[in-house]
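Each remark here refers to the structure printed beneath this line.
Computed from the coordinates by the stated procedures, all read-outs in this text should not be read as laboratory data. Since the model is a prediction, treat every value here as computed from it, not as a measurement. Note that each Cβ is placed from the backbone with ideal geometry, even for glycine, and that neighbours are counted across all protein chains shown.
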Amino acid sequence: MAYRAEAGYGKEGNLRMKSGRRNSLVHGFMSLMYNLRVCSHGVMPVIVWDGGYDHRTALSKRGVELGLIPSLYKANRGAPDPIKDSIHTQMPDLRYILSTTNIPQIRVDGYEADDVIASYSKKLYDQDRIVTSHTTDKDYFQIIRDRVMILRKDEIVGHSDFVEKYGIEPCQWVDAGALAGDTGDNIHGVPGVGESTAIGLLKECGDYESVINKCAMELSPLRAEFPDLETQEDIDWLISTKASMKSNKYAGCYPNMPFSGVAAAVEKKVVKNVRVNTLMIAMYQHRARLAYRLKKMVDNIDLPELSLFDRYDRNEFDAVCRRFEVNEISGYASVFECSDVKA
């Protein structure tokens, strides 16, 4: 939401205080929050910030060490991003103005906002509460239930909406990610398997482990005949074979990789009529298992109880609005007071 706000309000670069300091993030985020509050009367708002992703970094680091993946989780985020740089510069101002409302801001060290929200969603669901997460991140599809929904821009995605569109259960979404990976988070899935292919396989098999087992069982007679490649020389030869687009078809192979001998036999045309997706899923099964663990949201974090802060002061809120020169927001004071929320 902060990224969307800065991308929209900060693109012209002309939203600044008299001192020259940017205030586009405060303008944009508070405007979006205002719109959310207006259309969600009686709903308790909670803002969750990222607190890091220590366990995913550790998981992906181990994957790199074992040769399962070429690079770490979110290693692709190192490129310069002016929007993110601007957000980081303005974030203290945004969090300060939000602290003058009674909207809780939650951050748990070591966990991404995804995990914190998933944990709250499960906890509140078990209490028979209704939860809506406002995000454009499709990873959140995995936490959808009959009383847990996703607000993506102006669209509510509930359980029936999701099933109608994708034909699988929301809990299977993470299985699709295990097979297809996620380029946005630098999560490596099975080469050549995209979202639609993964969903089709899940419709047939149910979960990603069953997909892997089915592929492995189908090719097991060939594996007995063509054992896994043991030497780096053989692996290098397999990696050097090119796909139709002249890319390395078997990038990331390693000695004793499952079904690598079958792949070599296929490339040497000793074996024919082997489906590419079946072979790749069987070969990259360990990568898929790692991708599942990276995609799966943690939903059992020890969390603080949620309650509105009893510290709202309209005069303080208005004063801070003037300080950051977003005077029009001071007219929204009652909205950020959350006086309509009873529980």
- Message: What does the C-alpha gyration tensor say about the overall shape of the stretch 13-131? Classify as rounded when a/c is under 1.5, otherwise prolate if a/b is larger than b/c, or oblate.
- Response: oblate
- Compute the separation of the alpha-carbon centres of the stretch 202-238 and the stretch 129-181 and state it in Å as a whole number. 31 Å
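Rounded, prolate or oblate: which one fits the stretch 166-216, using the alpha carbon gyration tensor with axes a ≥ b ≥ c (rounded when a/c is under 1.5, else prolate when a/b beats b/c, else oblate)?
On the way: a/c = 1.86, a/b = 1.27, b/c = 1.47.
It comes out oblate by the Cα gyration axes.
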- Message: If the only charges are +1 at each Lys and Arg Cβ and -1 at each Asp and Glu Cβ, what is the size of the charge dipole of the chain around the Cα centre, to the nearest 20 debye?
- Response: 720 debye
- From the coordinates shown, volume of the Cα convex hull per residue in Å³ corresponds to which of (i) 125; (ii) 135; (iii) 156: (iii)
- Item | Relative contact order (percent, whole number), the chain, Cα cutoff 8 Å, 6+ residue spacing | 23 percent
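Between beta-carbons, use under 12 Å as the cut-off and find the net charge around Gly192, counting Lys and Arg +1, Asp and Glu -1.
Working: positive: Lys249, Arg275; negative: none.
Every neighbour counted, the sum reads +2.
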- Percent RCO, i.e. relative contact order, over the stretch 205-292, from Cα pairs under 8 Å lying at least 6 residues apart: 32 percent
- Rounded Å value of the spacing that divides the Cα centres of the stretch 22-99 and the stretch 250-292: 36 Å
- Message: Kirkwood hydrodynamic radius, computed over distinct alpha-carbon pairs, for the stretch 63-117: how many Å, to one decimal?
- Response: 14.5 Å
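When Lys and Arg each count +1 and Asp and Glu each count -1, what net charge do the other residues less than 13 Å away from Pro45, Cβ to Cβ, add up to?
Details: positive: Arg37; negative: Glu337, Asp340.
Net of charged neighbours comes to -1.
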- Item | All-pairs alpha carbon distance profile, the stretch 104-221, 10 Å steps from 0, percent | 12, 38, 33, 13, 3, 0
- Message: So, R0 is 30 Å and r is the distance between the beta-carbons of Leu306 and Ser19; what FRET efficiency does that work out to, to 0.05?
- Response: 0.25
- Item | the stretch 88-157 - share of DSSP beta bridges that are antiparallel (%, nearest 5) | 50 percent
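Just from its helices, what would the mean residue ellipticity at 222 nm be for the chain, if runs of 4 or more DSSP H residues each count -39500 (n - 2.57) and the sum is divided by every residue, rounded to the nearest 500 deg cm²/dmol?
On the way: 15 runs with 163 residues, N = 343.
That comes out to -14500 deg cm²/dmol.
Once you have a ≥ b ≥ c as the square roots of the Cα gyration tensor eigenvalues for the stretch 190-343, tell me rounded if a/c is under 1.5, and otherwise prolate or oblate according to whether a/b is larger than b/c.
On the way: a/c = 3.95, a/b = 3.01, b/c = 1.31.
Cα axes put the stretch 190-343 in the prolate bin.
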- Taking 0.36 nm per residue of separation and subtracting the Cα-Cα distance, what length does fully extending Lys269 through Arg145 add? 39.9 nm
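Considering only DSSP states other than H, G, I, E and B, which trypsin sites (Lys or Arg not before Pro) in the stretch 191-286 qualify as loop sites with at most 14 other Cβ atoms within 10 Å? Numbers along the way, then the final one.
Numbers: sites: Lys203, Lys214, Arg223, Lys242, Lys246, Lys249, Lys268, Lys269, Lys272, Arg275; in loops: Lys246, Lys249, Lys268, Lys269, Lys272, Arg275.
Those satisfying the criteria are Lys246, Lys268, Lys269, Lys272, Arg275.
What is the gain in length, in nm to one decimal, between Glu204 and Arg77 on full extension, counting 0.36 nm per residue of separation less the C-alpha to C-alpha distance?
Working: separation 127, 0.36 × 127 = 45.72 nm, distance 3.48 nm.
Between Glu204 and Arg77, full extension yields 42.2 nm more.
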- Here the percent of antiparallel bridges among DSSP beta bridges lying wholly in the chain, to the nearest 5, is 55 percent
- Local electrostatic count, Arg16, Cβ distance below 9 Å [Lys/Arg +1, Asp/Glu -1]: +2
- Item | Loop-resident sites, the stretch 121-177, for trypsin sites (Lys or Arg not before Pro), counting at most 12 other Cβ within 10 Å (DSSP) | Lys153
